[in-house]
Amino acid sequence: MAKVIYFSVDLHGHVNPTLGLMKKLVEQGEEVVYYSSDEFQDKIEETGASYRSYEGLVGFGTYDGGGIETFLITADFILGRSKTIVEHFMDDIRAIQPDYIIHDAFCYWGREFAHILGIPGITLFDNFAYIDEMADIDPAYFMENVLRAADDPMYKKHKDGGNVYRKLLDRLSKVVSMKYGMKNVNVINDIFCAKEGLNILLTSKAFQLYPEAFNDEYHFAGYSIYPRKETVDFPYELLDGRPLLYIAFGTIFNELEALYAKCMQAFGGKDVQVVLSVGGKVKLEDLGTIPDNFIVRPYVPQLDILKRAQAFITHGGANSIHESLCLGVPLVVAPQSFDQFMGAMAVERSGAGMFLQNQEITADDLAEAIERVLSEPSYLANVHRIRDSFAATGGLEATVQRIFAYVNERRSANILK
């Protein structure tokens with residue numbers, strides 16, 4: 001039995017996808033120590049892992065913005081948090097004596113701890129992966145669709161030359177080098193991905209954008225839904241058998257009263273039933289008159305609702321998109337922040353749903369998109385194709401075996417040195 005530490009991003013969309021892997025490691029005899037925030041303690045311990053608190057030193061959130069400044073702010077956040085966490089927890093990590101470390105791609109400190117201790121490190125991508133090699137295939141993709149920097153003056157000036165991406169990366173590397181003393185750093189792969197010798201992606205090549213950019217250091221694990229014990233009160237008795245449309249925009253950028261109003265305008269009084277989750281920040285009375293065919297709640301048991309739904313309108317978070325695909329539900333994606341635009345593009349390119357690209361989405365846009373995904377058989381067929389591709393990876397069992405092989409290989413290499 002080996003001892004492994006997992007360092008998480010303390011957000012629902014990053015914790016939930018990891019729980020199945022942690023449980024599988026425990027079942028295989030590993031002792032798992034999982035670092036996160038207190039609100040996730042119960043669900044972490046249900047997997048058999050031991051919970052350890054970040055003690056309020058992380059506090060991940062999502063920066064609501066686009067453009068190059070978002071990139072700089074996020075890089076500085078990650079490296080600043082990493083310095084704090086390494087200094088604060090170094091003695092604790094040494095005392096645990098882990099045999100290897102797995103960490104979220106945004107948890108650069110996991111890579112730092114593995115390097116300091118001289119043990120194998122493994123990166124887990126539980127969100128949509130963007131690696132530097134993807135820019136060799138389509139450099140405009142990152143600038144225009146990830147950063148949403150199409151209107152940035154530097155991008156406009158150098159766009160025709162095709163080298164603005166490398167110019168940006170070089171500039172950022174110099175900034176990072178000056179502030180944090182890092183040399184020869186690739187900001188994408190080294191900081192935003194915290195790349196290791198083994199990198200696990202919780203998706204399949206069939207759903208990954210530009211899959212040809214990923215070499216053998218990347219393992220596609222598919223996606224497995226881990227059952228959640230959600231204590232959410234929901235009036236199941238009101239579900240009356242009409243086609244069910246589920247609408248939810250995540251747990252962060254969900255103060256979207258205007259968008260909720262457009263959803264009610266688009267589907268109110270239609271021959272469908274709508275479950276709308278609005279989060280805890282919106283007061284239901286501020287939504288005005290709610291149509292009779294709508295069930296509106298701050299939170300709903302998402303997995304249970306998706307099992308009954310015919311379509312899903314979502315913000316495009318990785319967790320929501322993959323759960324919808326696993327449960328056979330076509331999507332309409334209205335992204336709200338930069339990583340969600342990658343999810344929207346993956347949905348559209350795979351044919352599993354539609355990406356609403358208009359900055360100002362109208363009620364007609366919503367209604368027409370749902371009409372298409374429900375009436376055109378190709379959308380459901382592609383959802384099933386992607387779902388099958390998740391299973392074809394070998395899932396968690398194959399992933400755990402890949403982890404064990406990698407750890408043993410690195411141990412052997414260290415012994416021979």
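It is to be established whether one or more residues within region 134-153 are under 25 Å from Phe220 (Cα atoms), assigned by TED's automatic domain parsing to the domain that holds Thr18, aromatic (Phe, Trp, Tyr) and surrounded by 23 or more Cβ atoms within 10 Å (Cβ to Cβ).
No.
For region 148-189, give me each residue that is modelled with pLDDT under 80, of a type in the set (A, V, I, L, M) and not in a helix (DSSP H, G or I).
Passing the criteria: Ala149, Ala150.
State all residues of region 273-301 that are within 15 Å of Glu230 (Cβ to Cβ) and either among the hydroxyl-bearing types (Ser, Thr, Tyr) or touching a helix residue (DSSP H, G or I) at 6+ places or on another chain (Cβ under 7 Å) (or both); if no residue qualifies, say none.
Scanning region 273-301 gives Val275, Ser277, Tyr299.
Take region 190-226 and flag every residue that is part of a strand (DSSP E or B) and touching a Gly at 6+ places or on another chain (Cβ under 8 Å).
Correct list: empty.
Would region 186-196 turn up any residue that is farther than 25 Å from Glu112 by Cα and surrounded by 14 or more Cβ atoms within 10 Å (Cβ to Cβ)?
No, every residue in region 186-196 fails to be farther than 25 Å from Glu112 by Cα and surrounded by 14 or more Cβ atoms within 10 Å (Cβ to Cβ).
If you check every pair at least six apart or on different chains, which have Cβ atoms under 9 Å apart with a residue in region 48-61 that is without any contact (Cβ under 8 Å) to a residue 40 or more places away in the chain first and a residue that is surrounded by fewer than 14 Cβ atoms within 10 Å (Cβ to Cβ) and among the acidic types (Asp, Glu) second?
Every condition considered, the pairs that remain are Gly48/Glu27; Tyr51/Asp38; Tyr51/Asp42; Tyr51/Glu45; Ser53/Asp38; Gly56/Asp38.
Only one of Glu257, Glu237 is among the acidic types (Asp, Glu) and either touching a Leu at 6+ places or on another chain (Cβ under 7 Å) or closer than 30 Å to Gly394 by Cβ (or both). Can you tell me which?
Glu257
A quick yes/no check of all residues on (1) hydrophobic (A, V, I, L, M, F, W, C); (2) part of a strand (DSSP E or B); (3) crowded, with 24+ Cβ neighbours inside 10 Å; (4) not assigned by TED's automatic domain parsing to the domain that holds Asp99:
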site: His14; (1), (2), (3), (4): no, no, no, no
site: Gly20; (1), (2), (3), (4): no, no, no, no
site: Lys23; (1), (2), (3), (4): no, no, no, no
site: Val33; (1), (2), (3), (4): yes, yes, no, no
site: Glu39; (1), (2), (3), (4): no, no, no, no
site: Glu45; (1), (2), (3), (4): no, no, no, no
site: Tyr51; (1), (2), (3), (4): no, yes, no, no
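Mind checking which residues of region 203-219 are surrounded by fewer than 17 Cβ atoms within 10 Å (Cβ to Cβ) and in contact with a Leu (Cβ under 7 Å, 6 or more places away or on another chain)?
Across region 203-219, the qualifying residue is only Glu217.
The values are calculated or read from the model by the stated rules, or taken from the named source; none is laboratory data. Quick caveat, the model's predicted, so the values are computed rather than measured. Note that each Cβ is placed from the backbone with ideal geometry, even for glycine, and that neighbours are counted across all protein chains shown.
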